[in-house]
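Written out below as structure tokens is the structure these notes cover.
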Amino acid sequence: MKYICLIRVRGIVGVTAPREETLSRLRLRRKYACVVLTNPKDSLLGMLTKVEHDVAYGEISKEMFEKLVEKRGQVLDKAKKKHSPKEIVEALEKGKRYEELNMKGFFRLHSPRGGVKSTKLIYPAGILGNNKDYMTKLVEKML
């Protein structure tokens, strides 16, 4: 199973309308919003290449995804039953949507504690773009 984590690093100022539309469709409407794609299709990967100058992305492990759901996952309706993080991850693997599991489809993260490499430059000089090995550490800093 492949989990690709996207974190919006740049804000809304100076973003062109097509890129803003793509970020909105990916549910990355604010700075430091995070989305995890489980087994992304080619269309989602195309959207990812379109906005790689505004986001940091990379693969994360299943354990990190469960930790992200546990700490930063938000429910839609508090009256409905809440699932455990492990159940949520397994249901998402099977193809369910976040809304069916009574969860918001994005996670709001803190700014990175302890700072990061430059947020203005593309990887490997900064954190924008594809961060293959650094993504798990970045998510850990932002929880």
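Springs join every pair of Cα atoms under 10 Å in this Gaussian network model of the chain, and among TYR32, TYR57, TYR98 the largest mean-square fluctuation is at TYR98. Which FRET efficiency value, to the nearest 0.05, do you get for LYS31 and LYS94 by plugging their Cβ-Cβ distance into 1/(1 + (r/R0)^6) with R0 = 35 Å? That gives a FRET efficiency of 0.65. Segment 64-115 to segment 9-53: how many Å between their Cα centroids? Comparing the Cα centres of segment 64-115 and segment 9-53, I get a distance of 19 Å.
Only Lys, Arg, Asp and Glu carry charge here, each on its Cβ (+1 for the first two, -1 for the last two); on that basis segment 21-80 has a dipole of about 340 debye about its Cα centre. The convex hull drawn around the Cα atoms of segment 44-111, when projected onto a plane and averaged over every direction, covers 5.5 nm².
The overall shape of segment 99-139, judged from the alpha-carbon gyration tensor, is prolate: a/c is not under 1.5, and a/b is greater than b/c.
Taking the number of Cβ atoms within 10 Å of each Cβ as an exposure proxy, the fewest-first ranking of GLU21, GLU100 is GLU100, GLU21.
Readers should treat all values here as calculations from the given coordinates under stated rules, not as data from a laboratory. Since the structure is predicted, the reported quantities are computational estimates derived from the model, not experimental observations. Glycine gets a Cβ as well: all are built from the backbone with ideal geometry, and neighbour counts include every protein chain shown.
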